[in-house]
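See below for the structure under consideration.
The values are calculated or read from the model by the stated rules, or taken from the named source; none is laboratory data. Just so it is clear, the model here is predicted, and its values are computed rather than measured. Neighbour counts run over all protein chains shown; Cβ positions are idealised from the backbone, glycine included. SASA here: full protein model, heavy atoms, side chains in, ligands and nucleic acids out. Shrake-Rupley method; radii C 1.70, N 1.55, O 1.52, S 1.80 Å.
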Amino acid sequence: MYPFPASGRKKYFQPVIVFQCWSLPKLSIVSSSVLDGYNGTVMAYGQTGTGKTYTLGRLGEEDTADRGIIVRAMEDILAGVSLESDSVSVSYLQLYMESLQDLLDPTNDNISIVEDPKSGDVSLPGATLVEIRDQQSFLELLQLGEAHRYAANTRLNTESSRSHALLMVHVKRSVKGRELAHSSQNGNSTNIAKSLRPTLVRKGKLVVVDLAGSERIDKSGSEGHTLEEAKSINLSLIALGKCINALAENSAHVPVRDSKLTRLLRDSFGGTARTSLVITIGPSPRHRGETTSTIMFGQRAMKVENMLKLKEEFDYKSLARKLDIQLDKLIMEHERKQKAFEEEIERITTDTQNQISEAERNYADAMEKERLKYQKDYMESIKKLEEKWMMNQHKLGERKDQMASTAQEVAELKKLLSKETSLRKAAEEEINNLKSQLAQLKMSEASANSESLKLRKMLEDEAYRKEKLEGEISMLQTQLLQLSFEADETRRRLDRGGPGKVPGDLDSLISQVRPQVNDSVNEEKASIANLFEQVGLQKILSLLEAEDADVRIHAVKVVANLAAEESNQQKIVEAGGLTSLLLLLGSSEDETIHRVAAGAIANLAMNETNQELIMSEGGIRLLSITAANAEDPQTLRMVAGAIANLCGNDKLQNKLRGEGGIKALLGMVKCGHPDVLAQVARGIANFAKCESRASAQGSKTGRSLLIEDGALPWIVQNANNDASPIRRHIELAVCHLAQHEVNARDMITGGALWELVRISQDCSREDIRTLAHRTLTSSPTFLAELRRLRIDY
């Protein structure tokens, strides 16, 4: 082992030779370098059975001294991180038969490898990434992954790994204290700048690779599927050796793309990772050649040079989240103050308006009182003056000597009258002002009335547009009914003008009619495409829930025609069309709707994703109920076709059988129609093929579900059916059932052995004939039965 170099300096592989031993304390330098922001790799290489998995993956549950490199490295990493600010996440994968599979999620069995064209970094976006908080959860994760890993029994190893395992540990560590001070570029920053300074994060990745052991076929005794696994393992190891040789010799071309293994380890060989190679060899002199080859591989690997690269970056996302939270708080505070301010303004405005209204009322009352008072005083003054004037007139003759004083009094009275007149004018001016204010109020009222008229007009326009849209919808429904009627007429014409034997006198007439029928079909497709573009898929699907039965029938026919085109299927599913069809299948009692809806579901069931969606929404149960209640052979043919498509999905076997799918297929054979029987035979062949594949992979044991559900007598009865489609599917089903040895005794008892012999000799298709012959010769049970019956084969 060599001391850890600074970033940018050259680093070599550190190979370690292990004789079934995993006590390698110096390998902890790789895990410590991962904490410092560098990539690290620990890889075990050697012959099968020499202790690679033992060295790397021992959990040490009984004795902690037995812990492997993986457990010890994770202990070092967890001890060096803070769970509050740092994160550790793990992915566990296996490369099996050039297929990258997720050991934490077995359903994710085809993960793609993505390479950055600029930096050359390799990433696996589809892999499961689990965050680790403690050592116990990591051990449970390792146990889960090991349970899903492929292994087989060979002559060299009872638990031989059949795949390359890759454990990827991603570490994100925030730099604090002195490290952050060294990373800062300006030590005299202000408090605001310090608060806005992002956290410095160092990212490291530890890759622990448990390579499957190389093996020689003559020593391991591999055969059948195990032989294919051994070939795949040896090919990937050969590709790895070529890359090591090219890097060791400084070749201009390194064939990293020859294998997925070399693509995944691109950073570990000649890249930026610190790599330690564990070489495992066996002590037996029988394997001297493999031992020499393994040690030479380690010597070549020592010549490979890696260039370390420190990976650190500022955590701008964390800073952005912090600023977003502060901004949200400021916005909420501003909105709260703005709302309080608006409420205060509204309150002041209301109080002011109330005060103005009260003042106006008080002023009007006061002015009215003053006016009445002045008017009363004026009338009283006039009356007094008139009385005085009358008295003066009566006394004029008697008191001429008093004329001067009377004139003076008259003058005073005139002054009083003038004063009263001016007061009256002032009161009239006030009254005029009040009238002008009243006029302004009336104008405001008129303006409000005009706004009300505008709003009423807008409502009338909206009502008019609504009526217009309702008219357009009724027209579209009429067009939809017309198109569905034309589609039915065209289909009937096609049924009458289909292929068959025609008398010679009618050949010329048929040659004239067929182009017209084809033109009608094209016109129908164009009409449906036109309707699809003009109306929209969502509106067509909404008509499936219409109250009018005729509208529902024509709508489901249009959806079925659209589903026949592969380009429309994804759009129909995304718009909820599949769910609507299943609901319609379960709620409607109309035979036509059942037939057309089942046909549309059969077309959509050709896609694997749609198959899982159909199963999750109870599609098998609905199809089984429809099959049990249907009497029309065409309806049964559509239902059988949909179930047959679902039978071809490996993941849905048990669920399909549990919800009555096989029973429904077998129940439809009572119809006796050749088209229905052909679809039933296709479904049974698909189911048997999936069972055969699952048995070969080791994921299924026990008798066939078809045999348990009583399908074998019907299969034997129709194995030599006159109809070619039925016979071909049944022959395939017999061959697939016979490939699983546990079914052999049931097939002998049920008479299927004789059909298998007949297929191997008389079948018209060579591939089926070869499959039957290979199955017979590879089954000890069948061969023993043939020998017992003294039949030479």
Quiz prompt | Those residues of the range 614-666 which are of a type in the set (A, V, I, L, M, F, W, C), open to solvent by 50 Å² or more (accessible area, probe 1.4 Å) and either in contact (Cβ under 8 Å) with a residue 60 or more places away in the chain or closer than 19 Å to ASP709 by Cα (or both), in sequence order | solution = ILE625, ALA628
Quiz item: Inside the range 560-572, can you point out the residues that are modelled with pLDDT under 80, assigned to a helix (DSSP H, G or I) and open to solvent by 30 Å² or more (accessible area, probe 1.4 Å)?
Solution: GLU566, SER567
Quiz item: Within the set of pairs 6 or more residues apart or between chains, which connect a residue that is under 12 Å from HIS164 (Cβ atoms) and modelled with pLDDT under 85 inside the range 208-230 to a residue that is of a type in the set (Asp, Glu) and open to solvent by less than 30 Å² (accessible area, probe 1.4 Å) with Cβ atoms less than 8 Å apart?
Solution: SER214/GLU290
Quiz prompt | Residues (part of a helix (DSSP H, G or I), open to solvent by less than 10 Å² (accessible area, probe 1.4 Å) and in contact (Cβ under 8 Å) with a residue 40 or more places away in the chain) located in the range 242-275 | solution = ILE244, LEU261
Quiz item: Filtering the range 688-736 down to residues that are in a loop (DSSP other than H, G, I, E, B) and of a type in the set (S, T, N, Q), which residue is nearest to LEU756 (Cα to Cα)?
Solution: ASN720
Quiz item: All but one of (1) part of a helix (DSSP H, G or I); (2) open to solvent by 10 Å² or more (accessible area, probe 1.4 Å); (3) out of contact with any Phe, Trp or Tyr (no Cβ under 7 Å at 6 or more places or on another chain) hold for VAL669; which doesn't?
Solution: (3)
Quiz item: Would you say GLU335 is assigned to a helix (DSSP H, G or I) and either surrounded by 11 or more Cβ atoms within 10 Å (Cβ to Cβ) or within 48 Å of the chain's Cα centre (by Cα) (or both)?
Solution: yes
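Kindly establish whether GLY702 is at positive phi and within 36 Å of the chain's Cα centre (by Cα).
Yes; evaluated as a whole, the condition is true for this residue.
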Quiz item: With respect to GLY126, is the statement that it is more than 30 Å from ASP650 (Cβ to Cβ), part of a loop (DSSP other than H, G, I, E, B) and not hydroxyl-bearing (Ser, Thr, Tyr) true?
Solution: no
Exercise. Name the single residue, out of those in the range 149-164 being in a loop (DSSP other than H, G, I, E, B) and out of contact with any Phe, Trp or Tyr (no Cβ under 9 Å at 6 or more places or on another chain), that is farthest from LYS219 (Cα to Cα).
Key: GLU159
Quiz prompt | Candidate set: the range 573-612, residues that are outside any helix (DSSP H, G or I) and open to solvent by 40 Å² or more (accessible area, probe 1.4 Å); chosen: the one farthest from LEU623 (Cα to Cα) | solution = ASN607
Quiz item: Residue check: is GLY702 open to solvent by 10 Å² or more (accessible area, probe 1.4 Å) and at pLDDT 85 or above?
Solution: no
Quiz item: Within the range 624-637, is there a residue that is modelled with pLDDT of 85 or more and either in contact with a Cys (Cβ under 6 Å, 6 or more places away or on another chain) or under 22 Å from GLN570 (Cβ atoms) (or both)?
Solution: yes
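One line per residue, one yes/no per condition, for (1) in contact (Cβ under 8 Å) with a residue 60 or more places away in the chain; (2) surrounded by 18 or more Cβ atoms within 10 Å (Cβ to Cβ); (3) touching a Pro at 6+ places or on another chain (Cβ under 6 Å); (4) on the phi > 0 side of the Ramachandran plot:
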position	(1), (2), (3), (4)
SER137	no, no, no, no
GLY145	no, yes, no, no
HIS148	no, no, yes, no
SER163	yes, yes, no, no
LEU167	yes, yes, no, no
SER174	yes, yes, no, no
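Every residue, every condition in (1) surrounded by fewer than 16 Cβ atoms within 10 Å (Cβ to Cβ); (2) basic (Lys, Arg); (3) out of contact with any Pro (no Cβ under 9 Å at 6 or more places or on another chain); (4) within 23 Å of ASN39 (Cα to Cα), yes or no:
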residue	(1), (2), (3), (4)
LEU277	no, no, no, yes
GLY282	no, no, yes, no
MET302	yes, no, no, yes
GLU305	yes, no, yes, yes
Self-check item: Lone qualifier among ALA320, ALA340, ALA301 - being of a type in the set (A, V, I, L, M, F, W, C), part of a helix (DSSP H, G or I) and touching a strand residue (DSSP E or B) at 6+ places or on another chain (Cβ under 8 Å)
Solution: ALA301
Quiz item: Scanning the range 778-792 for residues that are within 13 Å of HIS740 (Cα to Cα) and part of a helix (DSSP H, G or I), which turns out least open to solvent (accessible area, probe 1.4 Å)?
Solution: PHE782
Practice problem: Could you check VAL209 against (1) open to solvent by 20 Å² or more (accessible area, probe 1.4 Å); (2) of a type outside the set (Lys, Arg); (3) closer than 18 Å to TYR96 by Cβ; (4) not in a helix (DSSP H, G or I) and say which number it fails? | Solution: (1)
Quiz prompt | Filter result for SER695 (loosely packed, with under 14 Cβ neighbours inside 10 Å and polar (S, T, N, Q)) | solution = no
Quiz item: Taking the range 150-161 as the search range and keeping residues that are farther than 17 Å from ASP102 by Cβ and open to solvent by 30 Å² or more (accessible area, probe 1.4 Å), which one is nearest to the chain's Cα centre (by Cα)?
Solution: ALA151
Practice problem: Filter the range 39-70 down to residues that are modelled with pLDDT of 90 or more and among the hydroxyl-bearing types (Ser, Thr, Tyr) and give me whichever is most open to solvent (accessible area, probe 1.4 Å). | Solution: TYR45
Quiz prompt | Residue count for the range 761-783, restricted to those that are of a type in the set (Gly, Ala, Ser) and either under 21 Å from THR701 (Cα atoms) or modelled with pLDDT of 85 or more (or both) | solution = 2
Exercise. Can you tell me which residue among ARG769, ARG745 is over 19 Å from ARG657 (Cβ atoms), charged (D, E, K, R) and touching a residue at least 24 places away in the same chain (Cβ under 8 Å)?
Key: ARG745
